[in-house]
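One structure is given below, encoded as structure tokens.
The values are calculated or read from the model by the stated rules, or taken from the named source; none is laboratory data. Just so it is clear, the structure is predicted and the values come from calculations on it, not from any experiment. Here the Cβ positions follow ideal geometry from the backbone for every residue, glycine too, while neighbour counts run over all protein chains shown. Only protein heavy atoms, including side chains, enter the accessible area calculation; ligands, DNA and RNA are left aside. Shrake-Rupley method; radii C 1.70, N 1.55, O 1.52, S 1.80 Å.
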Amino acid sequence: MPGLRGVTYYNRWLNDKAEQHAFVEICSQGEESPVQLIGTTLHELGHVLAGHGCGHDKGWKTACE
């Protein structure tokens with residue numbers, strides 16, 4: 001998608017349902033600088049820590065802290 005810099009997919013790598021993991025995709029061509037690339041990576045990892053369904057709510061902000 002145009003303008004997309006990163007996305008988190010939940011319950012991926014389903015080789016074994018007991019070991020489901022989140023998958024983070026960083027769209028490096030949408031990044032303007034290495035600093036922005038790092039920021040997007042940290043942002044998406046915040047989603048992984050917060051879990052599915054948190055969006056950018058308080059749970060996500062707490063996970064990022």
Members of region 19-44 found to be within 16 Å of residue 56 (Cα to Cα) and not hydrophobic (A, V, I, L, M, F, W, C), listed by number: 39, 40, 41, 43, 44
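Before we move on, is residue 51 touching a Phe, Trp or Tyr at 6+ places or on another chain (Cβ under 9 Å), open to solvent by less than 90 Å² (accessible area, probe 1.4 Å) and at pLDDT 75 or above? Spell out the reasoning first.
Working: touching a Phe, Trp or Tyr at 6+ places or on another chain (Cβ under 9 Å): yes; open to solvent by less than 90 Å² (accessible area, probe 1.4 Å): yes; at pLDDT 75 or above: yes.
For residue 51, the condition - touching a Phe, Trp or Tyr at 6+ places or on another chain (Cβ under 9 Å), open to solvent by less than 90 Å² (accessible area, probe 1.4 Å) and at pLDDT 75 or above - is met.
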Selected residue (criterion: most open to solvent (accessible area, probe 1.4 Å)) from residues of region 1-48 that are modelled with pLDDT under 75 and in a helix (DSSP H, G or I): 17
